[in-house]
Each structure stands twice: as C-alpha cells, then as structure tokens.
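Single-structure report; data block below.
Each value in this text was obtained by applying a stated rule to the coordinates, not by laboratory testing. In this text the structure is predicted, and so the values were computed from the model without any measurement. Cβ placement follows ideal geometry from the backbone for every residue including glycine, while neighbour counts extend to all protein chains displayed.
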Amino acid sequence: MSKPVATQAAIVATDEAPTYSPQVLRGLGLKVDEYEKIVELLGRAPNFTELAVFGALWSEHCSYKSSKKYLKTLPTTAPWVIQGPGENAGVIDLGDGLAAVFKIESHNHPSFIEPYQGSATGVGGILRDVFTMGARPIALLNALRFGDPSHAKTRSLMAGVVAGIGGYGNCVGVPTVGGECQFHACYNGNNLVNAMAVGIAQADKIFYAKAAGIGNPVVYVGAKTGRDGVHGATMASAAFSASEQASRPTVQVGDPFKEKLLIEACLELMNEDAIIAIQDMGAAGLTSSACEMASKGGIGIRLDLSAVPLREADLQPYEIMLSESQERMLMVLKPEATARAQAIFAKWDLDAVVVGSLIAEPVLEMQWHGESAGVIPIAALVDEAPQYDRPVAALASPSQQLVTLTKPVAILPALQQLLASPNLASKRWIWQQYDRHVGVNSLSDSGAATASDAAVVRVTGTRKALAMATDCNPFYGAADPYIGGAQAVVESWRNLVASGAKPLALTNNLNFGNPEKPEIMAQIKAAVTGIGDAARALDYPVVSGNVSLYNDTDGVGIYPTPVIGGVGLLADYNQRLSMALTQSGLSLIQLGSGDNSWLGRSQYLMTVEGQEAGAPPSVDFAAERQVGELVLALNRQQRLAACHDISDGGLLVALAEMWLTGAGTDATTSLPLNVQLNPDLPASDAGFWFGEDQARYLVATLHPDQVLAAAAEAGVPALLLGQTTAVAAAAGATAGEMVGKLTLPDGQSITRAALQTAHEAWLPAYMQG
Amino acid sequence: MRAAVVVFPGSNCDTDVVTGLQTVLGIAVDRLWHKQTHFDAAYDLVVLPGGFSYGDYLRCGAIAAHSPIMAEVKRHVERGGYLLGICNGFQILTEAGLLPGGLRGNAGLQFICRDVALQVANRNSPFTCALPNADLTLPIAHHDGNYLIDDDGLKRLQDQDQIALTYTTPVNGSVANIAGVLSANKRVLGLMPHPERAVDQAVGNTDGREIFLSLQTTIGA
Amino acid sequence: MRKATIIVRPKAGILDPQSQTIERQVQQSGVHGIESLHLGKIFELVIGDDVTESALAALAQDLLANPVMEDFEITLS
C-alpha cells in the first residue's frame, strides 16, 4: 500500500507516543510483531482506540490470517453462482429470477461460556448475514458437537445450546429444518455450534456491502450498543485455559424479537429504492461493518461515535467500536430516501440514527464529542491484515492398519446397540424443540413419513424447493483430515441427491484447533484440499464459509471438523424423495460400491468394539457422481419410492432408519410393515452390514427390474437386499399382536418396537440425568 | 365472508393464516396493524395469529393484549363477529379476558413442535361444525400451551360446552387436556394447535382445512 | 425460623430485552414519569438459624442466579 497520508485531524493524546505492554496487546488479540507492523503502517504509534480497531480486524475471526492461503484454493465459481465468498453470504441462481442466499457460521466459544445466549446469538448473526443481502430467511440448520456424554458439562451445555437455538429461531419465525449432533471427548472443552441460514431473494435485487456516494449518510439501525462481547472477536480467536474462564467478558445477549422487527423493516425498506450499502454488525461490530463497507467501495467513512445509541452512558470509543451487541445494522442510504426509511423504521418501533457519512479520503475517521478519536487508512486495516504462512507439520501418514475385530459378531444386538448409541440415537429430543413448520413450506419433516436425508423447503409461490443438509464425520477427519474434508462434501452431496435435488453449492464451517501448532495447520491444509478436490469433482462450489480456529482447551484440540452445509434445487417439489418405507411390496436395493467391508473408523468399531482404529473409508469422486446421477435419473423416471444415503452406521443402520421413520405401516392398509432380507446375503458379516464404504444409497422401489437394469446400464453395482411385506391381518388379532419385524438372512428377527425403543430412548433418558 | 388477520410486532404466522384462508376458502384476506384503533365493522372473521408478539416478554400475549387494536377487537366481538386466536393468538385472547383461563409454561418446561392427536369436544360450534366425525391430527409449536383454569371455571366450560378440542393424550400439562376453548357465545375460539399449518397436501396433512370450512359453513361464502 | 429474600436481576449493563420491551409498553401506558423498568426474580426462602448468609450467597451464585448474566441481592429478616 502507499504510505499513509498524514491527515489534518488531530489525534487524541499524541503529545507523547503511547506505549503498550505485551499484556495490553494480548488483551486486544495482537502480537508484538503485529503491533510493530501497525506502527509502520501508520507512521506513528496508534492511540488505544485505533489499536483496538486493529486488534479486532486483524483477529483470526475477521482476517482469516491463518487459513486464507488455503481458502484461496477452493473452487468458488460456476455458471449458477451469483456471489461467492467475500460478502455476507453466498448467492446462487435458482432460475426464474430467484436466488438462494446462504451461509454457515460458528458460535463455538460463546456457546461454551453461555450456551443459551451463545447459540441464540449464533442463530441471530447468521440470519442477519442472509437478510442483509435482501433475502427472506426460509430455513435454519445447525451442526452441533458436544463432549463425551459422561463429561460433567455435556448435559447442561447441550440443554442450553438446544434451548438457545430454538428460543431464537422459533421467535423470529424461521423454521429450523435440519441439523446433526455428535458426541466425543475431543469436544469436552470446546463444543461446536455451527448455524446455517438460507434465504430467498430476487436475483436482480441482491444487496451488497459496497459503499458509494461521498457525503451519503451512514445510518445505524436496531438495538443500542452495550459492552456485549467487547473483545468477542478476539476471544473467538484465542485458545481457552481453564483458569481464564473466570474472567469472562460481557456476554452477548440476543433479542430475537428485535431481530424479527429488523427483518421485516429491512425487507420492507429493500422494496424501496433507498439502500446503497448494508451490513450487519457482527463480529467486531461497528469496526468491521464500517471498514468492510468502505473497503469494498474504495472510499472513506467518518463515524461520530458520540451519536451511537448507547445502553450505558459511560462507554468509551474503543468499546463502541468493538461492541458486539446484537441486532444492529449499518447502512448507507440515498439521502433523498432517508425520510422514507425513517418512517419504515418508526413503523417497526426501531431506532435509526445517522452516525456518520462517506468521505473521499479512504480512511476510517472516528470522532468523539467533536474531537478526533482516531484516523486509520482503510487499506491498513483490511488489505494489510497479516497473512500467515504458518508452519505445517508433515501429516502422520494415515493409518493403513487393518482392523481386527475382538468380539464375536452378533448382527441384531449390534444393530440395537448402534441405534441406541449417542451418535446414532434419535435426536428427537433436540428437533422437537425447534419450530420446523412455520411458513408452511417444510415438505420433509424429521421423523415423519415425509422425512428426507435433506430438509426440503418449498419456495413460496413456485413449484421449486430447496434441499439443505449439514454434514461432517470428524472420526474420519481425525484419522485422515483430507478424507475428513472430502467425505463431508460427498456426504452432503449424497444427502441432497437422496432427497431428489440437484446439488448446487455449499457453505463450509472449518472448525479446528490452534493454528499456531504445525500439526493443526497440517489438518487445515489437508481438509481444505479434500473439500476443494471433492467440490471441483462434483461441480459443487463453495460460495460462503466461516473459519473457527483455536478450538483448543489446555492444549487439547478438537478433531478436525469441517462442516459442510449443502444446498440443492428441486425444480418441482413433487420430485422430492422421502427416506421412509410406507408401503408393502417394495424391493430394497443398494446402489453403488458393492464392496461392503470397510470398518475402519466406523460407528460399529467405535461402539461395539470400543476401538477408534484403522483408516477411514476412501472417497471416490467419480463413483459418487456416477451413482448420484443414477439416483437422480431413476427418481425423474419415478422408479423410486424412498431413498437414503448409507453413511455412519452402514447398510443395516440405514435400512433401520428408513423403517423406523414414519408410522412403519402400509399407507393404504395401515398394516404394520415387515422388512425381509434375502437368505442369500452374508448373515453375520459385520463389514457387510455395518461397513461405511462410501458412494452408496439404499433405495426402495416397486420396479426392481427396471432399477437393476438401469444400474447395470450405468455400470453402477446394485444389490437386491430384500422386500417390505405387510403383516398379515389375522382374524381376531389385536393391534398389539400385529407387529412389524425385521428378518435377517439367517431367519433371526427383531420387532420394530424393540428397535424403536432402542433408538428413541437414549437421548431423553440421558437428558433426564 | 370477509376476514382479516391482525399483525402484532413479533407475529410470525400471519402470512400462513392469510395464505391458508385464501387457499381453503378462496377469499381475499386483509391484514390489520396492531397500532390501528379501528377497523371495518364488515369483517366477519378476525384472526389473531401465532408467533411471539412482543417477544413473549412479561407473559406470552400480555403486552399484545394491551395494544391499541385490542379495544376494537373487543368491539368486534360485541358486534357478534367471529374471532379466532391461534397459539400466541390464544394466549392474547386469555390475557385480554376474551376467553377464560390462562396459558402457562408446558409441564415439560420445553418448547414442543410435533403433531398431536385431538378429540373434537364440541362439534356444533361455528369453528367445528364441518369437521368429520373422527379425531384430528394437527401440529403444535409452543412453549406456553399449558391451559390453566380453576375447578369452577372448568365446570362452567363443561356445562356450557365451551371446550372445543382436547389432546387425546397429555401433551403439555393442560387441565383436562384442553387444546381449544370457545367463548360462551361460541363465536370466539382460541386453540394451541395450528390449523393453518395443515391445509396443504404438500406438507402431508390437511386436517386443518375443515376448521376454516366450518367458518364458511357458518358465515357463508 | 427466619426469612431470606433473594432478588436476582440482569447484571447492570447487560442487554435485557424483556425489561426494555415492557418498559416501552409501560411508558406508553398513560402513566407519566416512569423513567425506567427492570424485571427481576424474587426467591423467598424460609431458613433455619444455622443457614449463613455466605451459604445463601453460594446458593445464589451456583444455582439461583446465572453469574454470567445476573446479579443477586440477599435480604435476611
């Protein structure tokens, strides 16, 4: 950059060059060498407010300083991508003038400190990222990771996080339609709360952060500013130590009611020709939103901090700049439209205040009661943020050891044990606390006969529907981070396909440990490479994302957890596929792979054998694509009655999930359904029934011959597994006597009720404590 | 039949009710703003929709019950108009004294979103007269649907046939499993389940249609 | 037997949307001169003679209040 221009504005306390101790710098999230770079960029020592602004914008959270080198390698374009990473959210074209706007974001650290408010504000923040771009949010999803269920904090953290997500999403009236939740001891000190929001906008009315028009007013809308999360952005970038947990910064508190008013007011204002630029105040608050708008516009911004509405009168300029008080927006309005904007905000009982204006000189100019509180070139803050090429350790070569089973294989007990294990047990206790139905567009509902691998939400007033899913298998990533990244992408892609949708694009949430450790950087590098390779191979670009590093407590980091949020499109929602078995006479066919054997890092190995061992299953992008396209083609030809991707737990768990979803009865006769597996299949091969080989779907069809023929023609392995039959309506039999059964090849059987109980009981019992 | 839906700050089911009434009954539906102090006396039906009016702060429905439009809603009832309160709308009706009893936090202390089976306790009301002779399944989504009324009040409800709907099994701790309550003149109904979420075959349930159709049977097209 | 009253309220300075929303409504209620409103919770305890104030403070700290967001005040009578 060019040398910073000397400005005419006087700097507060410049008589003597201030000095800052390493502790002060650390408190602002800055290292000593970063401070030296600031002095060099400014040509002088910064005052404290300026220093705090640098600290916030140069935090890992805002600058991606450790990960950017690798993020740049991700594929981000496709003919249907309208906006890739770099804006508040990604935007893809849905045709007919419509666009989907979406992003996933973490609130891991705040949710560990205050689970209810931390997760609630995570939902609020991601919703603002979406409606800021002019989209009405239509769906929320989440991805949660908690510590070992036996850990003292797990239960209360989970109760708080789930209540917080529900409390916020339910109140704003955006349905929470999907998600995932897993447990492992690596999350004992760092739970993960990733929230995804998806909205619908007019493709030609997307709003951006780019400021323009010197002299135009900068307007602040929404909640007053308090000390919430001051240093929140730097907290999110610093590893915890147990003793530091006492010194908590002020917790951010969410107000979903205000958010609802903001959504309605902003969307109403967006219908007027009033907004030039708009940005929500998220991480690093006013600092980040003001600098981003100015930077994108190549322009400067003058803020009068004494005009900012305050919750407490004694806030200092640096606190105003850093505050992460929620439910606040910053916008640049057309001057002639400000009166109309004020009227809309007043209608919704929202306060809107002019807090500044755009200036030609590309600087952030902060004023405080008529005096300058600091001047910083925008480029120094945004473009000159440090980029680290942190040391990367050589990855320990992924374990190729063969898995040795130590216990005799018993298929039905293992199935029961798996379905009742924390990671595979029903998550009804969670999703029943989320309003999944508001909007009356949720076409697939958890647990119901309409349930699908991906959440399917209709686009109001059209035949279109979006399919959405969040996925990650950290157990694979722990053994091989490249596979961890790639597999998360292909699994999300499969989940969209299994709902009948064409996958379009993804958003990612990269959750890792401390990037200052070379072995963690190695994980990041490998996982991002895996994501990129998979996304390229599947034409499934990355359009937005978030990085959460320093998920590390007392030196123990989490497993690499690169969560993928996928979005796909159904041109006609009547093409949606459910996962539930709802009729007799269906043939059950596995499509893909054919090599059912891989137990390394499987749920079977972890749960039944108590081993975390071996290599994860390999990922074959070409095979994924081939079988996925076959499933979509068969669905277009209306050959499929149900479909489920085979992932954690393997084939038999997938089959049980299909059978347990919905009523378990024939929709026409209401008779209970049996599942009968063919006698020629291997009866007691753990790898066959519980292996986690990739690129597989389990489909149910009334047209097995056509499905098998189509698979043969496409060169996709297919295996006929069995049939659904209706329980015979015996004369005089009571409902209690007419029970559906699953019968294995060797004739052993188990009732649906027994499996249902195993599947449903664990989580409610656990939460009862 | 002329219908309008009141929008309070924090209402979030207003659009769903408007759409539901439009599609099931084929009528135009107006929106009314909570700051209005008057509305057209020609409305046959006024609906207070679900959501979180005023964030559910203080008590669910308490602040909305004091908003400017509520005096006119009361006049609408005095004029003999029909009034339907769904979920948060039911909470507002009890807070406003337009229906007896009150709604407090669910017995399980959690928000519950699921389908529930309902028995129709009164099949003769303006809101239930077209219901088929069977149990209903409707979705609920609430944190405070635990209906509370004292013994005398319950007896009055029973004696005057004011209980419209009951849960077939306990759901949220409600006295007598009450899910929906009618006013003494049967022209006001408050219920926790969401009929407007069950009018579209695409979501897999259309049991809510007959509640709207009952109104059309009563009021006329 | 003595009586202890523990008042729990949001910490000064923390966002308290519930109080703000009620305050706005109260100020529009027609009763003039109401400057501010804060909502809290009251716990009334009947306690034996050997329950110390510090034990109550510990109880409030651990259970009745969420020290991340709330302050408490104990009155013994």
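For a quick check: sort C:54, C:77, B:174 by the number of other beta carbons within 10 angstrom, fewest at the front. Present the calculation step by step, with values, prior to reporting the outcome.
Numbers: C:54 9, C:77 6, B:174 22.
Listing C:54, C:77, B:174 from fewest to most nearby Cβ atoms yields C:77, C:54, B:174.
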Per residue of B:140-149, other chain Cβ atoms within 10 Å number on average 2
Report, to the nearest 10°, how far helix A:338-347 tilts away from the longest principal axis of the Cα atoms in chain A, using its own Cα long axis and a range of 0 to 90°.
50
Dipole of region B:95-151, Cα-centred, from +1 at each Lys and Arg C-beta and -1 at each Asp and Glu C-beta, to the nearest 20 debye?
160
Principal-axis tilt of helix A:621-636 within chain A, Cα atoms, nearest 10 degrees:
70
Arranged by the count of other C-beta atoms within 10 angstrom, fewest first, what order do A:87, A:268 take?
A:268, A:87
Return the long-range amide H neighbours of residue A:473 (sequence gap of 5 or more, or a different chain), with a cut-off of under 5 Å between placed amide H atoms.
A:488
Which of the aspartates and glutamates could a cross-linker bridge to residue A:153, judged by Cα under 15 Å and excluding same-chain residues fewer than eight apart?
A:114, C:62
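Could you size up the charge dipole of the protein assembly as shown around its Cα centre, putting +1 on the beta carbon of Lys and Arg and -1 on that of Asp and Glu, and report it in debye to the nearest 20?
My answer is approximately 1320 debye.
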Give the average, rounded to an integer, of partner chain Cβ atoms located within 10 angstrom of each Cβ in A:251-264.
5
Averaging sequence separations of C-alpha pairs under 8 Å and six or more residues apart, then dividing by the length of chain A, give the relative contact order as a whole percent.
15
Pairs of alpha-carbon atoms within less than 8 angstrom and 6+ residues apart define the contacts here; what relative contact order does chain B have, in percent?
21
Check which residues have an amide H placed less than 5 Å from residue A:311's amide H, if you skip close sequence neighbours.
A:225, A:226
Using Cα positions and a limit of under 16 Å, work out the aspartates and glutamates in reach of residue B:74, with same-chain residues fewer than 8 apart set aside.
B:40, B:44, B:95
How would you rank B:60, A:472, going from fewest to most other Cβ atoms within 10 Å of each one's own Cβ?
B:60, A:472
Under Karplus coefficients 6.51, -1.76 and 1.60, residue-wise ³J(HN,Hα) of region A:31-36 in Hz, glycine/proline x
8, 4, 5, 5, 4, 4
A 19 angstrom limit on the alpha carbon distance is what I want to check against. Which of A:37/A:72; A:205/A:258; A:224/C:11; A:260/B:35; A:72/A:103 exceed it?
A:37/A:72; A:205/A:258
Note: region A:116-187 at 4 °C, 1.567 mPa s; Kirkwood Rh on alpha carbon pairs; Stokes-Einstein D in µm²/s works out to 100
Around residue A:81: net Lys/Arg minus Asp/Glu count, Cβ-Cβ under 12 Å:
-3
Roughly what angle does helix A:285-297 make with the longest principal axis of chain A, taking Cα atoms, 0 to 90 degrees, to the nearest 10?
80
In square nanometres, what is one fourth of the surface area of the convex hull spanned by the alpha carbons of region B:18-170?
9.8
Among B:71, A:568, B:92, the residue whose Cα sits farthest towards the positive end of the charge dipole of the protein assembly as shown, when +1 is placed on the Cβ of each Lys and Arg and -1 on the Cβ of each Asp and Glu, is B:71
Net charge near residue A:299 (other residues with Cβ under 13 Å of its Cβ; Lys, Arg +1; Asp, Glu -1) is 0
